[in-house]
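We did not get these values from a lab; they are worked out from the coordinates using the rules stated. Keep in mind the model is a prediction, meaning the values are calculated, not measured. Methodologically, a virtual Cβ is constructed for each residue, glycine included, from the backbone with ideal geometry; neighbour enumeration extends over all protein chains shown.
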Amino acid sequence: MNYHWRKSIIGLIVLLSSSFFLAGCSLPGQKDFSGLQVEITTGSVSQIYLDDLHYGQTPFEKRDIRPGTYTLRIEPEDKGKKPYETQVHLYPNTLTSVLWSFDGPEPTGAGEILELEPLASKERTELSVITVPEGAKISLDTKSYGLSPAIVESVSAGQYTLSIEAVAHVKKAFGITLQPGYRLHVFSRLIKENDALAAPQDSTPSAQVLPSPSPDVLRIEAPTASPTPGATPKASPKPSPTPVLTVNQDIPKPYAVVKETGTGWLRVRDEASSTGQEVARVDVGQRYKYLSNMEGWLEIEYAPGKTGWVSGQFAEVIR
């Protein structure tokens, strides 16, 4: 049975709350927050616990958690499977992503955990890879970087295909984004080849892409009350994939041009807020008719007769 993940985990980015964070500073009294995202690619809905407190169910995403080290427990509703428990590091103003599957014979599942750790130097970019089993071959695109556990200290920021190969295990290959000033930690638990072959055909994983990292500026709010253990809110429906739009460059001034985001595109929302609904995505370097601005957001015409808002942090008005 083919037990591959799709090459599309680009699930980690810095959540910038203001231009002060871009400069490595924060407002007086401003508290840092972290985010956690958990996706179950196959299997039933799972409950999410942090330090034994129930936080919700998958698909899970929360962006107002205090930075720190937590014990994460993913508890599948399938009683034939065992909960997976591990420590996760939630670094300030970053999103930690977990992509997991309880499909196959392995009772605690398999998958990836990605964390983004700030470095002392904003000029450095690093990658750390830990695997189960150890001794897996690590490659970025076509270049080999030895065996796991591995730390790659001299690598340029950008997007790569990370490949992980171990004897008698199914090869993993997925996309990652390395950010300047950060070390990306990747933990990967591999599937044994005989386990993959033994899995029922009707349980072939259909790995879901982690929601693409938002280049919008995160509007951090005060933390909510502690979750009530045992509460099981309904999962939010998954939005349909949004197409990336391009337009003709022959647009009269004033127009907005999309700056580099690290993903190649920028979200367009239906209101001037990071909580607004995504209505489209526009390409980096493209020009769009500028209409107005509001509190750091730019209103543009992203298609004939259709308007929306983009973050002014990643778009510039040319007059």
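For the reader, a short list of remarks on this structure follows.
- Each Lys or Arg adds one and each Asp or Glu takes one away; over the other residues whose Cβ falls under 9 Å from the Cβ of LEU127, this sums to -1.
- Proximal aspartates and glutamates relative to LYS259, as straight alpha-carbon distance under 17 Å, when same-chain residues fewer than 8 apart are discounted: ASP216, ASP283, GLU299, GLU301, GLU316
- The Cα atoms of segment 244-318 give a gyration tensor whose axes a ≥ b ≥ c have a/c under 1.5, which makes the shape rounded.
- Greater than 21 Å apart at Cα, pairs in LYS122/LYS143; LYS137/LYS172; LYS253/LYS306; LYS143/LYS192; LYS172/LYS192: LYS122/LYS143; LYS143/LYS192
- In a fully extended conformation the segment linking HIS89 and ASN194 would gain 34.6 nm over its present Cα-Cα distance, using 0.36 nm per residue.
- Overall form of segment 19-203 per C-alpha gyration tensor (a/c, 1.5; a/b vs b/c): oblate
- What the phi angles of segment 120-133 give under the Karplus curve with 6.51, -1.76 and 1.60, with θ = phi - 60°, is a coupling list of 5, 9, 6, 8, 8, 9, 9, 9, 10, 10, 10, 10, 10, x Hz, glycine and proline written as x.
- Cross-link partners for LYS79 among the aspartates and glutamates, with Cα-Cα distance under 14 Å and sequence neighbours closer than 8 places in the same chain left out: ASP103, GLU106.
- The value of relative contact order for segment 28-143, using C-alpha pairs under 8 Å at least six residues apart, is 24 percent.
- Each of ALA120 and LEU291 was given a label point 7 Å from its Cα along the Cα-to-Cβ line. The distance between the two points is 5.0 nm.
- With a Förster radius of 45 Å applied to the beta-carbon distance between SER139 and ALA303, the computed FRET efficiency rounds to 0.65.
- Net charge, SER139 excluded, C-beta distance under 12 Å - Lys, Arg +1, Asp, Glu -1: +2
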